[in-house]
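For reference, the structure discussed in these notes is given below.
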Amino acid sequence: METTTTGRRSPDDAVGYVHGYTDLEARRLDDQAGVLAGLLHGGTRYPAGSRVLEVGCGVGAQTVQLIGGSPGAELTAVDVSAGSLARARAAVAAAHPGAAVTWVRADLHDLPFADAEFDHLFVCFVLEHLADPVAALAGLRRVLRPGGTLTVIEGDHASAFFHPDSAPARAAIGHLIALQAAAGGDGLIGRRLHPLLDAAGYERVTVEPRTMYVDGSRPDLVQGFVRDTFTAMVGSVREDALAAGLTTPDEWERGIDGLRRAAGPGGTFHYAFFKATAVAPAGGAAAGQAPPRASGSTSRA
């Protein structure tokens, strides 16, 4: 669930990332992917030999899950960040030694692939960071064969509610949403997946919620999701929230403490992800779509 960040932007990244490019954030993404694997990847299986493109693979947290679920697929993973691709390569090598993945550094708006090169596209926690997700989705149609499938997964930060309720915690979540919006992203994008995909020209669009509910009877999720995923995600924007004048140190700590109480005795927590699938129309690439062009941010590894 993943925008310029103060002092934390990686120099080789063409787009910002509201949570930062730290080792701590990389670990959070790995933890998140593991705890959410069944919830988000359930039902996603690609046939052996099918050509699959993961768009915006980041540090490889979802790549590891894709390989585990579809070991025979021919997977290509693309990201704009050389540093993230290096982490992704290492993560896959550790989890699936010998797995064949084609790694490509490129901007998703300028992919160096032929028309209709892939049978399936997988896009997870990427659209929320884009200023124009419709244009991005429409552009991706060029590399997807007619009748090929697209899977998109996003969260919606306003779907978080918890017990005991905490106004400071709700305010902290609101600061994350505001920072993402100020940088051109949308932390509420999960609720918009159907109209976005429809506007981008896809067919047979379906969207379903994948709900995470946690209480004391699920201690693994109390730790893995409430503490290590959601609270850590909100906590990652502390410095930016303070720099923007959205909060004070004391107010921020009260907000994070409110989230921690939801992970304590008697606490409960709810969050909704949205998983969409769609099909590329028989017409193929979007009308007027320009062919791919080489750029300095494109390389294969």
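Derived scalar couplings between HN and Hα for the stretch 76-86 equal 10, 10, 10, 8, 7, 9, 5, x, 5, 4, 5 Hz in order, rounded to whole Hz, by the Karplus curve 6.51 cos²θ - 1.76 cosθ + 1.60 (θ = phi - 60°), x for Gly and Pro. Post the alpha-carbon centroid distance, the stretch 59-73 to the stretch 142-191, in whole angstrom. What the calculation gives is 23 Å, centre to centre. Applying the criteria of a DSSP loop state and at most 16 other Cβ atoms within 10 Å to the trypsin sites (Lys or Arg not before Pro) of the stretch 61-113 yields no site.
Read-outs: derived from the displayed coordinates by stated rules, not from any lab. Note that this is a predicted model, so its numbers are computed, not measured. Cβ sites come from the backbone with ideal geometry, for glycine too, and all protein chains shown count toward neighbours.
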